[in-house]
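**Student:** Here it is, the structure, as structure tokens.
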Amino acid sequence: MITLKNVIKSYIMGEEIIYALNNVSLKIDEGEFVSIMGPSGSGKSTLLNIIGCLDKPDKGEVYIDNVKTNDLNDNQLTEIRRMKIGFVFQQFNLIPLLSALENVELPLIFKYRSYMSSEDKRKRALECLKMAELDEKFANHKPNQLSGGQQQRVAIARALANNPPILLCDEPTGALDSKTGGKVMELLKKLNKSGKTVVVVTHDINVGKVADRIINIRDGKIVEE
Amino acid sequence: MYFEMAKRNLKRHTLRSILALLGIIIGVMAISSLGILGGGLKEGISKNFEGVANFVVVFPNTGEGYLHFTKRDVDKLRKLNCKVIPICTKSDIVYIKGKNKKTYASIYGIKKEDIKYLNLGVDNKLSDTTIYIDSVFSNLNDVNKNDMILIKNVSFRIRGTYNSSFFIISQNSIILSQKTYKRFYGDNYSMVVLYVKNKDDINNIKNETENIMNKKEKKVIILSMDTLLKSINDAMDKLSMFLIGIGSISLLVAGIGIGNVMLMSTIERTKEIGVMKSIGASKRDIMILFIYEALIIGIIGSLIGALMSVVIGYLIVVFLLKSSLAWYCLIYVLIGILFGVGTSLISALYPAYKAATLDPIKALRSE
């Protein structure tokens, strides 16, 4: 499902070249639940961004669902993000102006524009909220009227909207207390069981343990699996 | 949804949006009402020339010693395919009956049946014992309809008053029937007016007149009003353009205002833009979102500005210029709307482009 071959990504900071990713190769199969763990600055976020087609490697090859993404242009990468990838962020990153339901509809709008009727979009968004186990009565609440856990559920529902095979989660429990975080991880586990490939970036070992496989990364290199 | 989002984004900063809106309103108002003002000026001036555009006036070339037209000259002109109106004129002393006052006036002899072509606004029922006087003569001598005037010791009743028409009938003048005129002053014509029904034929008629009269020597001078009218209209159009240009400056300022607001909005919403990109928004989606915001300001502002400019333009034209608002002046309102919407669109392009091309990773990282 996800394959990286000898990926190098570097930044220039002052006069120094810093390797965020130094010759990283990995393979994640369909239906896997993988945690990428490492201290901050280890390159785990960069890795997630490259998998998520938000960033391009300097060298090496990246395959998402057998599509080589190195050579794609901006619009093609946007297309991959729409079709294959759902993002979940630490800070939830909901659009504050939109209700929970509208936030979930947004990816559908970007993907389908008017090819999908607004009723169908609404229906699909409600479905996703249900999948993310958020009570329907919160559908019309604005993000600031929801608790952190609820907001993260809306964000997960939004990630599910276009029915992508891959969920990429960047510290999904980082802004939640451990109990709520645990529940969010349970939800991700459930989604993984239903067939999604889930990749979680975290530095919290309790979160990492939920995964089937843990990839440890340090100074831009995978140190152990 | 884009529209809905744009609307909510504008509502998020109500005061800022209202200020941007105000800029566009004022700009559109300036353009449209200055345009209407120019149009009103033009309308007012061309009104004074109304009805003379169809005339070609032929004068004897006094520089070559030709002082009058003879009956033969007039007959030659009758071959032309237009209405030929021979006019006699002379200055003479007239007496105001009952006031024991004498005064000078230009006296015109025009055939009774020709008067109607001159658009003088009189009843066109002149008889051999009545006259028309122009408003200047009427004011100077304090005489009015039905007062009596003595010319060559014959009394005439005033049948009506006209406004002297530019170029043909001068001010402080009296119109007699041509028959009466000839009895007093003889058979000589000081000008011939050619009434051309279709303005497009004016040049033909001028050329033919040239051929008939000026073949051997330059016997006559030929004037037509259409060229004069055209240059006046051109000048007025240029004035309108100039006024609109002044108005455009305020719209330019408004545009810069909108650009500034949008740019601030882009910076504030950097993270949001990053999120939208990561969940599948293309450059185009982000552009559209920002352009919608500018368009909402542009369209609402332009419509309000247009409405206000119609009111203001109407007040200026009707009360200040004492002219009437011509329908075609609404084109300036249309221009105002077009410029207003266009300005907001153009000023949103750069901020929208900037937002659309943000690096999603940097955008996501920003707070």
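**Student:** Give me a count of the residues in region A:62-107 that are at the interface with chain B (Cβ under 8 Å from one of its Cβ atoms), part of a helix (DSSP H, G or I) and under 17 Å from B:Ile361 (Cβ atoms).
**Tutor:** Total satisfying the criteria: 3.
**Student:** Could you pull out the residue among B:Ile232, B:Ile291 that is over 30 Å from A:Gln91 (Cα atoms), away from every other protein chain (no Cβ under 14 Å) and touching a helix residue (DSSP H, G or I) at 6+ places or on another chain (Cβ under 7 Å)?
**Tutor:** Just one listed residue meets the conditions, B:Ile232.
**Student:** Restricting to region B:327-367, and then to whatever is outside any helix (DSSP H, G or I) and not aliphatic (A, V, I, L, M), can you tell me which residue is farthest from the other protein chains (Cβ to nearest Cβ)? Give the steps one after another, and end with the answer.
**Tutor:** Here is the first cut: in region B:327-367, the residues outside any helix (DSSP H, G or I) are B:357-359, B:366-367.
Cutting the leftovers down to not aliphatic (A, V, I, L, M) gives us B:357, B:359, B:366-367.
On the way: B:Thr357: 9, B:Asp359: 9, B:Ser366: 12, B:Glu367: 9 Å.
Once the filter is applied, the top-ranked residue is B:Ser366.
**Student:** Do you know which residues across region B:1-46 are more than 14 Å from chain A (Cβ to nearest Cβ) and within 13 Å of B:Ile258 (Cβ to Cβ)?
**Tutor:** Within region B:1-46, B:Arg16, B:Ile18, B:Leu19, B:Ala20, B:Leu21, B:Leu22, B:Gly23, B:Ile24, B:Ile25, B:Ile26, B:Gly27, B:Val28 qualify.
**Student:** Assess whether A:Ile85 counts as being more than 30 Å from A:Lys142 (Cα to Cα), buried (at least 22 other Cβ atoms within 10 Å of the Cβ), touching a helix residue (DSSP H, G or I) at 6+ places or on another chain (Cβ under 9 Å) and modelled with pLDDT of 90 or more. It would help to see each step written out before you state the result.
**Tutor:** Working: more than 30 Å from A:Lys142 (Cα to Cα): no; buried (at least 22 other Cβ atoms within 10 Å of the Cβ): yes; touching a helix residue (DSSP H, G or I) at 6+ places or on another chain (Cβ under 9 Å): yes; modelled with pLDDT of 90 or more: yes.
The answer is no for A:Ile85.
Let's see how each residue does on (1) more than 28 Å from A:Asp29 (Cβ to Cβ); (2) more than 14 Å from chain B (Cβ to nearest Cβ); (3) surrounded by 18 or more Cβ atoms within 10 Å (Cβ to Cβ):
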| residue | (1), (2), (3) |
| --- | --- |
| A:Glu136 | yes, yes, no |
| A:Gln145 | yes, yes, no |
| A:Leu160 | no, no, yes |
| A:Pro165 | no, yes, no |
| A:Thr180 | yes, yes, no |
| A:Met185 | no, yes, yes |
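**Student:** When region A:108-124 is examined, which residues are found to be closer than 19 Å to A:Arg81 by Cα, assigned to a helix (DSSP H, G or I) and over 20 Å from the mean Cα position of the chain (by Cα)?
**Tutor:** A:Tyr112, A:Lys121
**Student:** Continuing with the same structure: With the condition kept exactly as written, say whether any residue in region B:172-183 is assigned to a helix (DSSP H, G or I), more than 19 Å from B:Lys83 (Cβ to Cβ) and modelled with pLDDT under 90.
**Tutor:** no
**Student:** Now for a separate question. If A:Glu127 meets every condition in (1) within 13 Å of chain B (Cβ to nearest Cβ); (2) out of contact with any Phe, Trp or Tyr (no Cβ under 7 Å at 6 or more places or on another chain); (3) assigned to a helix (DSSP H, G or I) apart from one, which number is that one?
**Tutor:** (1)
**Student:** What helices (runs of 4 or more DSSP H) lie completely within region A:145-210 and have 2 or more residues being without any contact (Cβ under 8 Å) to a residue 40 or more places away in the chain? It would help to see each step written out before you state the result.
**Tutor:** Values: elements: A:148-160, A:178-193, A:205-208.
Answer list for region A:145-210: A:148-160, A:178-193.
**Student:** Has region A:12-19 got at least one residue that is under 27 Å from A:Gly195 (Cβ atoms) and either in contact (Cβ under 8 Å) with a residue 40 or more places away in the chain or touching a helix residue (DSSP H, G or I) at 6+ places or on another chain (Cβ under 6 Å) (or both)?
**Tutor:** To start, the set of residues in region A:12-19 that are under 27 Å from A:Gly195 (Cβ atoms) comprises none.
Looking through region A:12-19, none of the residues is under 27 Å from A:Gly195 (Cβ atoms) and either in contact (Cβ under 8 Å) with a residue 40 or more places away in the chain or touching a helix residue (DSSP H, G or I) at 6+ places or on another chain (Cβ under 6 Å) (or both).
**Student:** Please specify each residue of region B:313-344 satisfying the condition of being surrounded by fewer than 18 Cβ atoms within 10 Å (Cβ to Cβ) and closer than 30 Å to B:Ser282 by Cβ.
**Tutor:** Residues satisfying the conditions are B:Leu338, B:Gly342.
**Student:** When you go through (1) touching a residue at least 40 places away in the same chain (Cβ under 8 Å); (2) under 24 Å from B:Gly245 (Cα atoms); (3) in a helix (DSSP H, G or I) one by one for B:Ser324, which number turns out not to apply?
**Tutor:** Status for B:Ser324: all satisfied but (3).
**Student:** Among the candidates B:Leu364, B:Leu303, B:Leu289, which residue alone is free of Cβ contacts under 8 Å to residues at least 60 places away in the same chain and out of contact with any Ser or Thr (no Cβ under 6 Å at 6 or more places or on another chain)?
**Tutor:** Working: B:Leu364 fails: free of Cβ contacts under 8 Å to residues at least 60 places away in the same chain; B:Leu289 fails: free of Cβ contacts under 8 Å to residues at least 60 places away in the same chain.
Exactly one residue qualifies, and that residue is B:Leu303.
**Student:** Okay, next question. Please verify whether A:Ala139 is in contact (Cβ under 8 Å) with a residue 24 or more places away in the chain, closer than 22 Å to A:Ile95 by Cα, in contact with a Gly (Cβ under 7 Å, 6 or more places away or on another chain) and small (Gly, Ala, Ser), treating the condition exactly as stated.
**Tutor:** Working: in contact (Cβ under 8 Å) with a residue 24 or more places away in the chain: yes; closer than 22 Å to A:Ile95 by Cα: yes; in contact with a Gly (Cβ under 7 Å, 6 or more places away or on another chain): no; small (Gly, Ala, Ser): yes.
Spelling it out, it is not the case that A:Ala139 is in contact (Cβ under 8 Å) with a residue 24 or more places away in the chain, closer than 22 Å to A:Ile95 by Cα, in contact with a Gly (Cβ under 7 Å, 6 or more places away or on another chain) and small (Gly, Ala, Ser).
**Student:** Let me ask something else. Taking B:Asp200 as the residue in question, decide whether it is within 29 Å of the chain's Cα centre (by Cα), at pLDDT 85 or above and either in a strand (DSSP E or B) or loosely packed, with under 15 Cβ neighbours inside 10 Å (or both). First the steps, then the outcome.
**Tutor:** Details: within 29 Å of the chain's Cα centre (by Cα): yes; at pLDDT 85 or above: no; either in a strand (DSSP E or B) or loosely packed, with under 15 Cβ neighbours inside 10 Å (or both): yes.
For B:Asp200, the condition - within 29 Å of the chain's Cα centre (by Cα), at pLDDT 85 or above and either in a strand (DSSP E or B) or loosely packed, with under 15 Cβ neighbours inside 10 Å (or both) - is not met.
**Student:** Take the conditions part of a helix (DSSP H, G or I), modelled with pLDDT of 90 or more and surrounded by fewer than 23 Cβ atoms within 10 Å (Cβ to Cβ) and apply them to B:Ile288. Does it pass?
**Tutor:** Details: part of a helix (DSSP H, G or I): yes; modelled with pLDDT of 90 or more: yes; surrounded by fewer than 23 Cβ atoms within 10 Å (Cβ to Cβ): yes.
Yes, satisfied.
**Student:** May I ask you to list the residues in region B:250-263 that are surrounded by fewer than 22 Cβ atoms within 10 Å (Cβ to Cβ) and either in contact (Cβ under 8 Å) with a residue 60 or more places away in the chain or within 14 Å of chain A (Cβ to nearest Cβ) (or both)? Before the answer, list the steps.
**Tutor:** Of all residues in region B:250-263, those surrounded by fewer than 22 Cβ atoms within 10 Å (Cβ to Cβ) come to B:250, B:252-253, B:256, B:259-260, B:263.
Once the filter is applied, which keeps residues that are surrounded by fewer than 22 Cβ atoms within 10 Å (Cβ to Cβ) and either in contact (Cβ under 8 Å) with a residue 60 or more places away in the chain or within 14 Å of chain A (Cβ to nearest Cβ) (or both), region B:250-263 yields B:Ser250, B:Leu252, B:Val253, B:Ile256, B:Gly259, B:Leu263.
**Student:** Could you list, ordered by first residue, the pairs with Cβ atoms under 6 Å in which the first is in region A:38-61 and within 14 Å of chain B (Cβ to nearest Cβ) and the second is crowded, with 20+ Cβ neighbours inside 10 Å and among the charged types (D, E, K, R), at least 6 apart or interchain?
**Tutor:** Close Cβ pairs (under 6 Å, with a partner that is crowded, with 20+ Cβ neighbours inside 10 Å and among the charged types (D, E, K, R)) amount to A:Thr46/A:Lys9; A:Leu48/A:Asp170; A:Asn49/A:Asp55; A:Cys53/A:Arg81; A:Pro57/A:Lys9.
The values are calculated or read from the model by the stated rules, or taken from the named source; none is laboratory data. Small disclaimer: the values here were computed from a predicted structure and weren't measured. Backbone-built Cβ (ideal geometry, glycine too); neighbour counts: all protein chains shown.
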